[in-house]
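The values are calculated or read from the model by the stated rules, or taken from the named source; none is laboratory data. Just so it is clear, the structure is predicted and the values come from calculations on it, not from any experiment. As a convention, Cβ positions derive from the backbone with ideal geometry for all residues, glycine included, and neighbour counts pool all protein chains shown. With ligands, DNA and RNA removed, areas are computed over all heavy atoms of the protein, side chains included. Shrake-Rupley method; radii C 1.70, N 1.55, O 1.52, S 1.80 Å.
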Amino acid sequence: MTATFTIPARFCGPPESGNGGWTSGHLAQLVPTDAAHPAVSVRLRTPPPLDRALQVRTGDDGMVEVLDGELVVASAQPSPALSREGLPAPATFAEAAAVAEHYAGLHDHPFPTCFSCGTEREPGDALCLRPGPLPGREGVHAAAWVPAESTPEIVWAALDCPGAWALGVGGRPMVLGTMTAEVDRLPAVGEEHVVMAWARGSEGRKHWCGTALYAADGTVLAHADATWIAIDPATIRPVTDTVVTDTMRSTP
């Protein structure tokens with residue numbers, strides 16, 4: 001193991017650990033993809049620590065793992081293309097901007113410092129997404145977004161939290177467990193985009209959603225499927241060595 005992997009504190013989700021989408025997107029850059037496997041699937045096994053050099057281990061099968069000592073923090077591998085069946089028609093930028101006032105996080109946010117959707121972050125330093133429910137489209141949320149920067153990690157972060165809000169994270173705190181994303185094209189800085197998110201079901205503490213990023217002309221730039229795990233927000237702290245919190249043991 002020679003490579004290192006660091007999550008700057010700017011890209012937090014919960015205050016002491018990495019934003020799930022940004023962290024997954026950062027790890028995805030280390031995974032080899034090809035025409036048969038253009039997507040990457042990431043599993044977050046324990047809250048990823050901030051501002052700490054982690055080790056990277058790559059297997060012969062394309063699996064890439066991030067470790068904190070002997071503890072596997074996250075793993076990723078190539079994935080076949082995601083199906084585009086069931087992707088919702090995009091809301092317009094104006095429609096997405098209009099529902100921002102109904103963003104549940106304005107009143108009940110489990111992680112207000114989150115890079116993607118935190119209410120205590122400032123534009124330019126974070127994404128400040130405000131996904132709100134679309135009238136007449138049950139379970140579907142939309143967020144207006146004008147990117148100030150454009151990287152694969154930023155795209156994964158934009159695809160991350162809107163899904164949780166479509167699942168009702170405000171009244172049911174949860175963290176990202178797995179995320180599989182396919183990025184066709186990076187968004188243009190300074191242009192209008194829309195992130196769509198929709199619930200796909202749940203079982204026990206596991207909840208499934210889909211998200212997609214659209215350009216102003218309706219082109220799909222990226223989309224993702226994700227599994228979220230219901231948790232107690234107070235338990236989300238990075239761990240070290242071989243200790244794994246009970247909260248994260250059931251992460252898929």
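Between amide H atoms placed 1.01 Å from N, distances below 5 Å from residue 74 occur with 45, 66, all of them 5 or more places distant or on a separate chain.
The simple spin-label model puts a point 7 Å past each Cα toward its Cβ; for residue 84 and residue 220 those points are separated by 0.5 nm. Taking amide H as placed 1.01 Å from N in the peptide plane, residue 221 has its amide H under 5 Å from the amide H of 213, 214, 215, each at least 5 places away in sequence or on another chain. Three principal axis extents of the stretch 30-159 based on alpha-carbon atoms, in descending order, are 48, 35, 26 Å.
Tell me, what is the per residue accessible area of the chain in Å², probe radius 1.4 Å?
Result: 42 Å² per residue.
Across the stretch 212-227, rounded Karplus estimates of 3J(HN,Hα) from the backbone phi angles (6.51 cos²θ - 1.76 cosθ + 1.60, θ = phi - 60°) give 8, 10, 10, 6, 4, 8, x, 5, 7, 8, 6, 8, 8, 10, 9, 10 Hz, Gly and Pro being marked x. Couplings 3J(HN,Hα) of the stretch 102-112, computed from phi: 9, 4, 5, x, 5, 10, 8, 10, x, 9, x Hz, in residue order, whole Hz [Karplus 6.51 cos²θ - 1.76 cosθ + 1.60, θ = phi - 60°; x for Gly and Pro]. The radius of gyration of the Cα set in the stretch 1-100, together with its Dmax, comes out at 16.3, 48 angstrom. Amide H contacts under 5 Å for residue 177: 227, 228, 229, restricted to partners 5 or more places along the chain or on a different chain, H placed in the peptide plane at 1.01 Å from N.
With pairing defined as another cysteine C-beta under 4.7 Å, the cysteines of the chain that fail it are 12, 114, 128, 209. Across 196, 63, 179, mean-square fluctuation computed from a Gaussian network of the chain (C-alpha pairs under 10 Å connected) peaks at 63.
Placing R0 at 30 angstrom, the Cβ-Cβ distance between residue 146 and residue 108 gives a FRET efficiency of 0.70 after rounding to 0.05. For the stretch 148-224, the percent of C-alpha pairs falling in each 10 Å distance bin, counted from 0 to the bin holding the largest distance, reads 19, 50, 25, 6, 0. For the stretch 66-114, GluC sites (Glu not before Pro) meeting the loop criterion (DSSP other than H, G, I, E, B) and having at most 13 other Cβ atoms within 10 Å: 70, 85. Comparing mean-square fluctuations of 113, 58, 211 from a GNM of the chain with C-alpha springs under 10 Å, the top value falls on 58.
Using the Stokes-Einstein relation with a Kirkwood hydrodynamic radius computed over Cα pairs, the translational diffusion coefficient of the stretch 53-100 at 20 °C and a viscosity of 1.002 mPa s comes to 148 µm²/s.
Ignoring trypsin sites (Lys or Arg not before Pro) that are buried or in helix or strand per DSSP, and keeping those with at most 16 other beta carbon atoms within 10 Å, what is the longest stretch of the chain between them?
Working: sites that count: 52, 84, 137, 185, 205.
Longest stretch, sites excluded: 85-136.
In the chain, the portion of solvent-accessible area held by carbon and sulfur atoms comes to 51 percent [1.4 Å probe, whole percent, DNA, RNA and ligands not counted]. Using helices alone, what [θ] at 222 nm do you get for the chain, with -39,500 (n - 2.57) per DSSP H run of 4 or more residues, divided over all residues and rounded to the nearest 500? Value at 222 nm, helices only: -3500 deg cm²/dmol. Need the C-alpha centroid separation for the stretch 104-136 versus the stretch 1-36, integer Å. The stretch 104-136 and the stretch 1-36 have Cα centres separated by 21 Å.
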